[in-house]
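These notes are about the structure you will find just below.
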Amino acid sequence: MTGLPHERAAVLRRVLNEHSYRYYVLHDPVVSDGEYDLLFRELRALEAAHPELVTADSPTQRAGSDLTQGFPKAPHPKPVLSLANAFSTADLQDWERRNRRMVPEGSFVYVVEPKLDGLTIVLRYEDGVLVQAATRGDGSVGDVVTANARTIQSIPLRIPISGAQAAPPVLVVRGEILFTKEAFAALNEARRNSGEPAYINARNTASGSLKQKDARMTAQRDLSAYCYDILYMEGLSLDSRMSQHALLQSLGFVTPPQVQRCDDMEAVAARIAWWAQQRPELPYEIDGVVIKVENLGLESMLGVVGKDPRAAIAYKYPSEKATTRLLRVEPRVGRTGRITPTAHLEPVFVGGVTVTHATLHNYDIIQSMDLRLEDTVLLKRSGDVIPYIIGPVVTARTGKETPVVPPDVCPSSGDTLIRGAETVDLVCPNARCPERIFRSVTFFASRGGMNIDGLGPQTLKLLIAEGLIAGEADLFTLTAEQLLPLEGLGEKKTAQLLAAIEETKGRPLAQIVASLGISGLGETMAKLIVQAIPAVAALADMAQAVRAAETEAEALVPGLKGAFVDLALKSALSPNPGKRIGRLLKARYEAAADQHDSLQRLFGQANEAIRPLISIDGVGPSLVQTIIEWLSDSNNLAMLEKMRAAGLRLSEEVRAPAQVTLAGLTFVLTGKLPALSRGDARQLIEAHGGRVTSSVSRRTSYLVAGEGAGTKAKKAAALGVPVLDEAALRALMAGKDS
Ligand code: IVH
């Protein structure tokens, strides 16, 4: 320990609060859980020895907070506690001893569960309907993420899912949101294929995915939920952990698997060893096990210390870290030209696998870590698919280490690298860079893209090296004469490949669009866009119209160009564009006041052009920007033209116009409707142009109420929001149709 106790405590408080902020708010921790725990324990020990050092802002006085600006907040019905940690059986024995001292007559039987490595979610059900989902926040108030949570398939929207167990009138359940290993790997595979950097940490990614402003982004992430605790319940009471699990299961929740009752600490220890063995094979990441006192009466007698219940403890496995040597750093070129430094490591066994590579994100990070070649590095792999380098072990340096020098030229094309606008990334600017072509065609042809069979990496590399293809569209003009002479192709393979390519010409437009690799435009979004705008040409016209208006605007107000689309979009989103533009321009371009009218006309034009796209539910300003940029790139337009000429269908027949009888109306659903499930009702409303939100406010047009409607009906009555039953809803949808 360094310094006087009060000095050390102050340092620990500051450091821990900083780490907690990085972890919960920025989702960007710089230390491992183990390191954090070590510091935390040091502070707690210090405070135990010198109680006068405990301050209100000490991290021991609260669980870390995940509250994020911009989300509505909701209080929890009871504190959402965290857990104290144990790292050894000795810690567990101490824990039991302390508890026995408090309640000598208690029956210390335990329940042992996997400690799932995700983030807490608090789900509130009223009359069986999911009415609110919130993060833990600071333990007493959480961020409301209901719409996002609804997109997670394993969270029941209504309970019971089936069976005879009636739902209690109010039930608040606590669970864990996480990626299964498979889902996380699939997400990263898709990102890599589209030239985006893979995510490193599954838990932080789960947290980021849940805290999206747009629920459709969450929907694209394959998150899972496991529920393990009843935080609050009305109308029913239970006396044991096992009966809680049973109730949760019978209502339709997914609960942690393999929960076991253990009669004593010995059985607990055996179970911990069992889980440690299972760990590499499990479909999800665990970072330990949770040991809970089985009897809930005993739990309440034991009470709470700080923010931890005495009746439960987390046994944490040592985090999976190892040291190894950094051999070299290889710049890898992505589809978009971005260079990612990749660390080549001396093979090391960590977290059940042999690791030879790790990503380093960008060269600035390497510099800020002062990472050098031949350094001994600390590596972590826990809850993560891709291992990452925490930093160099400076004390192990021998003096032979050499700096990592960022490349000047692209390792594939030899072009001079440039720094990407507004990023720290190095970028290869050459669209014909062989590696860039390889990556983008690989994505295009992959199973998540156009799904072209028989176009393996070797064949593709050969085609690029021979100059037969310089982009996706060239695939469609390949001929047998070109392919036959190539090594390893032969008649059969050539015929198969050509047939596979030919077959893709019938692919639906949404699949083609999703295969183009436009950042943020995956399958779900492509379907939505194509449904509303069923022709690529219409999208390209839109981009052109926006660009034309932009050029004119730039002539009026030099320097406006960069902000034009942004401003146009902002005004497109505003109910009163005129005023809004005026304000924005005044703030940003004083001199433009006299050109106000001309600019307003140009923004109006851009607006008009963008409207079909921006009014698609789920399409946000940044996606519109990306699409416009992509479609104004002449290389991309030429590629589309080639595809069209080769016979790909870049437009779809226009379907019967959607019936938009509910356009502009906002609905809230409550209670059980006679014939429609909640999901069906929502879909129907949306198909008719209406919107469904989760809580009643003055802006709600109608409350659609079924059997068992509760608080929402009261609120609607109080606010004067009209209430519809299912029949009235149907009439509203149909009535204006005719
Ligand atoms: S019980 C009083 N059970 O671990 C109940 N927590 O380190 C306290 N966690 O914040 C929580 N799996 O997010 C419990 N089977 C499990 C768990 C679990 C994961 C998380 C939870 C909690 C954290 C504490």
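Odds and ends about this structure:
- In segment 373-471, trypsin sites (Lys or Arg not before Pro) in a DSSP loop with at most 14 other beta-carbon atoms within 10 Å: ARG397, LYS400, ARG432, ARG447
- Ratio of the Cα radius of gyration of segment 474-570 to 2.2 N^0.38 Å, where N counts its residues: 1.63
- Loop sites here are GluC sites (Glu not before Pro) outside DSSP states H, G, I, E and B with no more than 10 other Cβ atoms within 10 Å. The longest part of the chain free of them is 106-421.
- Reachable lysines from LYS213, criterion Cα separation under 18 angstrom, eight or more residues apart if same chain: LYS73, LYS570
- Karplus-derived HN-Hα couplings along segment 131-139 (A = 6.51, B = -1.76, C = 1.60, θ = phi - 60°), whole Hz, x at Gly and Pro: 10, 7, 10, 9, 7, 5, x, 9, x
- Note that the chain presents 47 Å² accessible area per residue, ligands and nucleic acids not counted, probe 1.4 Å.
- Taking amide H atoms as placed 1.01 Å from N in the peptide plane, the amide H of ALA84 lies under 5 Å from those of ALA314, each 5 or more residues away in sequence or on another chain.
- Rolling a 1.4 Å probe over the protein heavy atoms of segment 49-182, with every protein chain left in place, gives an accessible area that is 53 percent carbon and sulfur.
- Rounded to 0.05, the FRET efficiency of the ALA90 and ASP263 pair, given R0 = 22 Å and the Cβ-Cβ distance, is 0.65.
- For segment 592-738, the spherically averaged projection of the C-alpha convex hull amounts to 14.1 nm².
- Sites LEU665 and THR395 - FRET efficiency at Förster radius 56 Å, r taken between beta-carbons, to 0.05: 0.25
- Whichever lysines have a C-alpha closer than 25 Å to that of LYS78, once near sequence neighbours (fewer than 8 apart) are set aside: LYS115, LYS211, LYS292, LYS307, LYS712, LYS714, LYS715
- Filtered trypsin sites (Lys or Arg not before Pro), segment 165-200: DSSP coil and at most 10 other beta carbons within 10 Å: none
- Helical segments meeting 30 Å axial Cα length and Kyte-Doolittle 0.0 threshold in the chain (DSSP H): 536-556
- Carbon/sulfur fraction of accessible area - segment 233-356, other protein chains in place, 1.4 Å, %: 50
- Where the Cα pairs of the chain fall when distances are cut into 10 Å bins, in %: 2, 11, 18, 22, 21, 16, 7, 2, 0
- Tensor-based shape of segment 216-274 (alpha-carbon gyration tensor, a/c under 1.5 rounded, otherwise prolate or oblate): oblate
- Selected from ALA717, GLY690, LEU673, residue furthest toward positive end of dipole (segment 622-738; charges at beta carbon): ALA717
- Across segment 414-519, the fraction of Cα-Cα pairs farther apart than 20 Å, rounded to a whole number, is 43%.
- Mean residue ellipticity (222 nm) of the chain, computed from DSSP H runs ≥ 4 via -39,500 (n - 2.57), nearest 500: -12500 deg cm²/dmol
- Estimated FRET transfer efficiency when R0 is 30 angstrom, pair ASP37-VAL424 (beta carbons, to 0.05): 0.45
- With the highest mean first, a sort of the peptides 134-140, 321-327 on other beta-carbon atoms found within 10 angstrom per residue produces 134-140, 321-327.
- Charging the Cβ of each Asp and Glu at -1 and of each Lys and Arg at +1, and nothing else, the dipole of the chain about its Cα centre rounds to 1340 debye.
- The label-point distance for ALA638 and ASP680, in a model that sets each label 7 Å from Cα toward Cβ, rounds to 5.3 nm.
- P(r), alpha carbons of segment 399-444 - 10 Å bins starting at zero, rounded %: 25, 41, 25, 8, 1
- Once backbone amide H atoms are built at 1.01 Å from N, LEU378 has ILE390, GLY391, VAL393 as its partners under 5 Å, excluding neighbours fewer than 5 places away on the same chain.
The values are calculated or read from the model by the stated rules, or taken from the named source; none is laboratory data. None of the values given here were measured: they were computed from a predicted structure. Positions of Cβ are backbone-derived with ideal geometry, glycine not excepted, and every protein chain shown enters the neighbour counts. Accessible surface areas use protein heavy atoms only, side chains included; no ligands, DNA or RNA. Shrake-Rupley method; radii C 1.70, N 1.55, O 1.52, S 1.80 Å.
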